[in-house]
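Heads up: the structure comes next, in structure tokens.
The values are calculated or read from the model by the stated rules, or taken from the named source; none is laboratory data. Quick caveat, the model's predicted, so the values are computed rather than measured. We place every Cβ from the backbone using ideal geometry, glycine too, and count neighbours over all the protein chains shown. In case anyone asks, the SASA skips ligands and DNA or RNA and just uses the protein heavy atoms, side chains included. Shrake-Rupley method; radii C 1.70, N 1.55, O 1.52, S 1.80 Å.
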Amino acid sequence: MEKYIVTLDEGTTSARTLITNKKGKIISVAQSEFPQYFPKDGWVEHDANQIWNTQRSTITTALNKANIEGKQISAIGITNQRETAVIWNRETGVPIYNAIVWQDTRTAKWCESMKQEEVDMVKKKTGLIINPYFSATKVKWILDNVEGARELAKEGKLMFGTINTWLIYRLTGGEVFVTDHTNAQRTLMYNIHTNDWDDELLKLFDIPRSILPEIKSCSEEYGITYAGLINKQDLTQIPICSSIGDQQSALFGQLCVNDGESKITYGTGCFILMNTGEKRVMSSHGLLTTVAVAYNGKITYALEGSVMVAGSAIQWLRDNLRIVYNAVETEWYAGQVTDDRRIYVVPSFTGLGSPYWDAYSRGGIFGLDRGTKREHIVRATLEAIAYQANDVVRAMQKDIKAPLKILKVDGGASNNKFLMQFQADISQSKVVKPVNVETTAMGAAYLAGLSIGYWKDVEEIKKNYVEDFVLSPTIDEKKAAWLNKGWSTAVERTFSWLKDIE
Ligand code: ADP
């Protein structure tokens, strides 16, 4: 009887269940979207019960699709949208407020009011920055604004979790209350030097320690699922054996397990992570220090940069400018113009993320002349995705003082060969894409499988990594610098736009 690993991939807009075999091949996928709530400008919420119900339904569907029974599942792994915060009642298991999503900016004013020494303290201890993006200020908001929350917390009756913690709690029938180091670190309450919750940070955010889960590694058995999870007849209880944040899971899924190995995920936004081994590299160039994985008795770290608008710039071409019908044909359009016109699109529609962190920047198109055509704009938009990723790559190179020779890529837009070749050119690096681009799901699957000996070690897993393509730079360093000069100048012209036009 063949055995499988199940991954729960809980994203920002949908929940998915993927079933993987020993060769690392995905044999079944079920996906279902859940509602997004925007109660006020800048607020983004999810209903934690809807997340749970959606996730649970995809487990049953994925098993049914492949005709697999519970006893064929060796372990469950979990990967999730990070930072999103949910608080529930310890006695009833019922959330006291909707989950506040990572994109939610309701706590921006509070974050801006922090004193410089507090900002410095937080950066030093967490490797992150004070920003509404991370969980801590969301937790504080719930405690301060939901009636009776502070009293319940005082009585020890509340539990806080990121979505991995919530799913494990529900999967085990309310028995297990844990998180892992990658998710814990993104809360802004975790000290990367002690690898534990930090009292000084908790005091700053006014959060009682009693609401926090226990922190465990990313690859161990946390508990078993309640009988009846699959259906009323199949009462198999399955061990839950991994938990890891989505970007870190993609890094592991790309098998970037050694110091200096990096991956770029091109989705709606673009996330670049580089493994720095057991070193905690504190960036001087606008990047975040993050826990890469806690596995095999070791905690390793990564540098991380986020680009806010990447694939969504292609959606903008399609839905707003309406100059393409679909994302795929952008590749064809870009290939239609080979002249040296230097047109630059800066898609800072929501401000700029790493390494600039300028919330007041807004987008622009530069270098237009009488001969500029639609094809140029399409090409420049694709190039902008690569330029932005390259800004992060360059910041990483400055932080570690070494070149990034290989970039492993995944995500929807990594299917675009023009974009990938331009990335290789502008970054002067090799670009490697695996056949299996479900790297986020694979990271959690591998960590779950490794913990129970389904796979012996990473070396065995490496045999599953099949390359789809490898691209090398086709232009020299001088040309890349010349192109990049135009980009840097264009980006600078968009800085602080909203402030300047006040
Ligand atoms: P997410 O997980 O963030 O939803 P995906 O990894 O599914 O994202 O990628 C979807 C994004 O990639 C969309 O924004 C889409 O515009 C973009 N995309 C998909 N295919 C291509 C392509 N061939 N060329 C350029 N962009 C693409």
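Here are a few things to note about the model shown:
- Only the Cβ atoms of Lys and Arg (+1) and of Asp and Glu (-1) were treated as charged; on that basis the dipole of segment 326-396 about its Cα centre amounts to roughly 180 debye.
- Accessible solvent surface per residue of the chain, calculated while the other protein chains remain in place, 1.4 angstrom probe, Å²: 41 Å²
- Distance between the C-alpha centres of segment 474-502 and segment 242-317: 24 Å, rounded to the whole angstrom.
- Full extension of the chain segment joining LYS3 with TYR360 gains 123.3 nm, where the gain is 0.36 nm per residue of separation less the Cα-Cα distance.
- Pairs of lysines in segment 143-294 whose Cα atoms sit within less than 28 Å of one another amount to 9, provided the residues are eight or more positions apart or on different chains.
- Maximal additional length on extending the ILE129-GLU329 stretch stands at 68.2 nm, based on 0.36 nm per residue less the C-alpha distance.
- Relative contact order %, segment 253-501, counting alpha carbon pairs below 8 Å whose residues are six or more apart: 21 percent
- When the GluC sites (Glu not before Pro) in segment 59-162 are filtered for DSSP coil states and for at most 16 other beta-carbon atoms within 10 Å of their beta-carbon, the remaining sites are GLU69, GLU91, GLU147, GLU155.
- When the solvent-accessible area of segment 4-237 is split by element, carbon and sulfur atoms take up 47 percent of it, the probe being 1.4 Å.
- Straight Cα distances below 20 angstrom link LYS499 to the lysines LYS109, with same-chain residues fewer than 8 positions distant left out.
- Mean Cβ count within 10 Å, highest first, over the residues of peptides 51-57, 447-453: 447-453, 51-57
- Dipole magnitude (debye, nearest 20) for the chain, charges at Cβ of Lys, Arg, Asp, Glu: 760 debye
- Between helix 417-427 and the chain there is an angle of about 80 degrees, using the helix long axis and the longest principal axis of the Cα atoms.
- Reachable aspartates and glutamates from LYS71, criterion Cα separation under 16 angstrom, eight or more residues apart if same chain: GLU2, ASP234
- Theoretical gain in end-to-end length, SER284 to TRP110 [0.36 nm per residue, Cα-Cα removed]: 60.2 nm
- Ordering VAL458, SER488, GLY412 by the projection of their Cα atoms onto the charge dipole of segment 355-502, which places +1 on the Cβ of Lys and Arg and -1 on the Cβ of Asp and Glu, puts SER488 at the extreme positive end.
- Segment 253-501 - share of DSSP beta bridges that are antiparallel (%, nearest 5): 75 percent
- Residues listed by number, segment 450-493, amide nitrogen under 18 Å from THR372 label point at 7 Å toward C-beta: 483-493
- Mean sequence separation of contacting Cα pairs (under 8 Å, at least six apart), scaled by the length of segment 4-237, corresponds to a relative contact order of 18 percent.
- Projecting the Cα positions of ASN64, THR126, GLY371 onto the charge dipole of the chain (unit charges on Cβ atoms of Lys, Arg, Asp and Glu, taken about the Cα centre) puts GLY371 furthest along the positive direction.
- Under the criterion of Cα pairs below 8 Å and six or more residues apart, the relative contact order for the chain equals 14 percent.
- Accessible surface of segment 253-501 [probe 1.4 Å, protein heavy atoms]: carbon and sulfur percent: 51 percent
- Cα long-axis angle, helix 116-126 against the chain (0 to 90 degrees, to the nearest 10): 70 degrees
- The residue among VAL346, PHE160, LEU303 whose Cα reaches farthest toward the positive pole of the charge dipole of the chain, with charges on the beta-carbon of Lys, Arg, Asp and Glu, is VAL346.
- Shape category assigned to segment 253-501 from the gyration tensor of Cα positions, a/c cut at 1.5: prolate
- Nearest 10 degrees, 0 to 90: helix 477-494 Cα axis against the chain principal axis: 70 degrees
- In nm, spacing of pseudo-spin labels at ARG493 and GLN315 (7 Å Cα→C-beta vector): 2.7 nm
- In loop segments of segment 233-327 as defined by DSSP, the GluC sites (Glu not before Pro) with at most 10 further C-beta atoms inside 10 Å of their C-beta are GLU278.
- Spatially proximal lysines relative to LYS456 (Cα-Cα < 19 Å; intrachain offsets below 8 disregarded): LYS3, LYS22, LYS23, LYS25, LYS298
- Among the chymotrypsin sites (Phe, Trp or Tyr not before Pro) found in segment 251-335, those both in a DSSP coil and sparsely packed, with 15 or fewer other Cβ atoms within 10 Å of their Cβ, are TYR325.
- Around the Cα centre of segment 4-237, unit charges on the Cβ atoms of Lys, Arg, Asp and Glu (plus for the first two, minus for the last two) sum to a dipole of about 580 debye.
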